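K.L.:
One structure is given below, represented as structure tokens, and several questions about it will come after.
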């Protein structure tokens, strides 16, 4: 992903070189890792620097800390979607950087001081994104409604009372809210909401293409849907300027690579693993961090029409990739297909082993047993592979997917690790 403009690429190399030297000076982990490696002078030099893995960060996170403990302003956790949550630290300067990035990110989606924004995610449980949304919105000057997660019906009452214009939340929860609205015979146009910033789940199946979940939402409301992509380790959010157009990478705050399984750059439009090098992070700076997220990339423009790197929707996590009877599949594809089912009360996606040691897929569906055959048929048509489908009660499902230590339901269950 070299820049076509030499001056821009030169500025990037200078920034990367300064970042590497800062790591040598302040980070115990990188001082040792980079001891025998010279500073990058070209893009090719940077490509030979070591990656940082999630396992290293998990097992050695104390050695990544680059400020004294008394300088930590916020203690947060990674999501733990594919493993144990990892502690992550922010200094006061990092908190300021987080707010500045989120201000830019939300402004990319068109949010201004004239908006009232309802945050339907948690701001507690050491959730970094919830903090970022609040900081960014306060910086913009928008009104903030901290409604938090859950209570789908109550969210609508809050939106009408407060004059909400924008929602921030998980798109599958937005769909639940819309279904509650529909059940009660209420009309979406009775609210002031025009936009939703969607987190945690993709709303596109590719550049410019709404996925099944987004199409189902569009059937129930006229909201503009803007995807946003971030992780705790990246400390930087990328948001869509236009629905489904791709997440705009703020290049002044982060360098992004997209690589194949061998760590080589993939071509434009090809899917690979996102590798992030955030700039300007004080407490836990990282170099070439392998996020595990699989995306495609392309060059496009940001909200102001300037050239920008765009990341496509997260197709899945690298370690969650399935090979079911010869078909490559991501749990997110199954989740999207299930979210499009109008009468499904809830579900879990289970990865298992078949009799030959390969991947097998099971769907636990909160639906009548009489509906399972038709559900299986529709899933087979959408996924090109038929998962086993099993009925489960809503109460049993809730016990299975809700862990009080987690900030979100864990609807992908990997039984191959048991």
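K.L.:
What number goes with the only condition from (1) over 18 Å from residue 237 (Cα atoms); (2) buried (at least 17 other Cβ atoms within 10 Å of the Cβ); (3) out of contact with any helix residue (DSSP H, G or I) (no Cβ under 7 Å at 6 or more places or on another chain) that residue 134 does not pass?
P.N.:
Here residue 134 clears every test but (1).
K.L.:
Separate question: Within the stretch 392-418, how many residues turn out to be surrounded by fewer than 17 Cβ atoms within 10 Å (Cβ to Cβ) and in contact with a helix residue (DSSP H, G or I) (Cβ under 6 Å, 6 or more places away or on another chain)?
P.N.:
1
K.L.:
Name the residue, out of 404, 387, 409, that is within 14 Å of residue 348 (Cα to Cα) and free of Cβ contacts under 8 Å to residues at least 12 places away in the same chain.
P.N.:
409
K.L.:
Please give the strands (runs of 3 or more DSSP E) falling wholly within the stretch 19-126 in which 2 or more residues are at pLDDT 95 or above and surrounded by fewer than 18 Cβ atoms within 10 Å (Cβ to Cβ).
P.N.:
Ranges flagged: 72-77.
K.L.:
Could you pull out the residue among 358, 300, 376, 280 that is surrounded by fewer than 20 Cβ atoms within 10 Å (Cβ to Cβ) and within 30 Å of residue 71 (Cα to Cα)?
P.N.:
The match here is 280.
K.L.:
Further question on the same structure: Among the numbered conditions (1) out of contact with any strand residue (DSSP E or B) (no Cβ under 7 Å at 6 or more places or on another chain); (2) under 26 Å from residue 250 (Cα atoms), tell me where residue 32 comes up short.
P.N.:
Against the list (1) out of contact with any strand residue (DSSP E or B) (no Cβ under 7 Å at 6 or more places or on another chain); (2) under 26 Å from residue 250 (Cα atoms), residue 32 comes up short only on (2).
K.L.:
Also, quick follow-up: Quick test of your reading of the structure: residue 352 fulfils all but one of (1) more than 29 Å from residue 260 (Cα to Cα); (2) modelled with pLDDT of 90 or more; (3) surrounded by fewer than 18 Cβ atoms within 10 Å (Cβ to Cβ); (4) in contact with a helix residue (DSSP H, G or I) (Cβ under 6 Å, 6 or more places away or on another chain). Name the failing condition by number.
P.N.:
Checking residue 352 against (1) more than 29 Å from residue 260 (Cα to Cα); (2) modelled with pLDDT of 90 or more; (3) surrounded by fewer than 18 Cβ atoms within 10 Å (Cβ to Cβ); (4) in contact with a helix residue (DSSP H, G or I) (Cβ under 6 Å, 6 or more places away or on another chain), the one that fails is (1).
K.L.:
So residue 228 fits all but one of (1) assigned to a helix (DSSP H, G or I); (2) in contact with a helix residue (DSSP H, G or I) (Cβ under 9 Å, 6 or more places away or on another chain); (3) under 24 Å from residue 125 (Cα atoms); what number is the exception?
P.N.:
(1)
K.L.:
Condition check: assigned by TED's automatic domain parsing to the domain that holds residue 55 and within 21 Å of residue 13 (Cβ to Cβ). Does residue 275 satisfy that?
P.N.:
yes
Residues are listed down the side, and each one gets a yes or a no for (1) in a loop (DSSP other than H, G, I, E, B); (2) surrounded by fewer than 18 Cβ atoms within 10 Å (Cβ to Cβ):
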{"residue": "155", "(1), (2)": "no, no"}
{"residue": "164", "(1), (2)": "yes, no"}
{"residue": "172", "(1), (2)": "no, no"}
{"residue": "192", "(1), (2)": "yes, yes"}
{"residue": "201", "(1), (2)": "yes, no"}
{"residue": "213", "(1), (2)": "no, no"}
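K.L.:
Next question. Just checking, how many residues over the stretch 395-418 are part of a helix (DSSP H, G or I) and either closer than 23 Å to residue 78 by Cα or modelled with pLDDT under 90 (or both)?
P.N.:
7
K.L.:
Further, regarding this structure: Checking residue 4 against (1) surrounded by 12 or more Cβ atoms within 10 Å (Cβ to Cβ); (2) modelled with pLDDT under 90; (3) in a loop (DSSP other than H, G, I, E, B), which single condition isn't satisfied?
P.N.:
Result: residue 4 fails condition (1) only.
K.L.:
Here's another thing I want to ask about it. Is one or more of the residues making up the stretch 355-365 over 21 Å from residue 205 (Cα atoms) and assigned to a helix (DSSP H, G or I)?
P.N.:
no
K.L.:
So, in the stretch 262-283, how many residues would count as being under 18 Å from residue 49 (Cα atoms), under 20 Å from the mean Cα position of the chain (by Cα) and not in a strand (DSSP E or B)?
P.N.:
Residues in the stretch 262-283 being under 18 Å from residue 49 (Cα atoms), under 20 Å from the mean Cα position of the chain (by Cα) and not in a strand (DSSP E or B): 1 in total.
K.L.:
Residues that are at positive phi and not assigned by TED's automatic domain parsing to the domain that holds residue 411: does the stretch 209-228 have at least one?
P.N.:
No: zero hits.
K.L.:
If a residue must be loosely packed, with under 15 Cβ neighbours inside 10 Å and free of Cβ contacts under 8 Å to residues at least 40 places away in the same chain, how many such residues does the stretch 322-349 contain?
P.N.:
4
K.L.:
While we're looking at this one, here's another question. Which condition does residue 313 not pass, out of (1) in a loop (DSSP other than H, G, I, E, B); (2) buried (at least 20 other Cβ atoms within 10 Å of the Cβ); (3) touching a helix residue (DSSP H, G or I) at 6+ places or on another chain (Cβ under 8 Å); (4) in contact (Cβ under 8 Å) with a residue 60 or more places away in the chain, if it passes all the others?
P.N.:
Evaluating residue 313 over (1) in a loop (DSSP other than H, G, I, E, B); (2) buried (at least 20 other Cβ atoms within 10 Å of the Cβ); (3) touching a helix residue (DSSP H, G or I) at 6+ places or on another chain (Cβ under 8 Å); (4) in contact (Cβ under 8 Å) with a residue 60 or more places away in the chain leaves (3) as the failure.
The values are calculated or read from the model by the stated rules, or taken from the named source; none is laboratory data. None of these values were measured; they are calculated from a predicted model. Methodologically, a virtual Cβ is constructed for each residue, glycine included, from the backbone with ideal geometry; neighbour enumeration extends over all protein chains shown.
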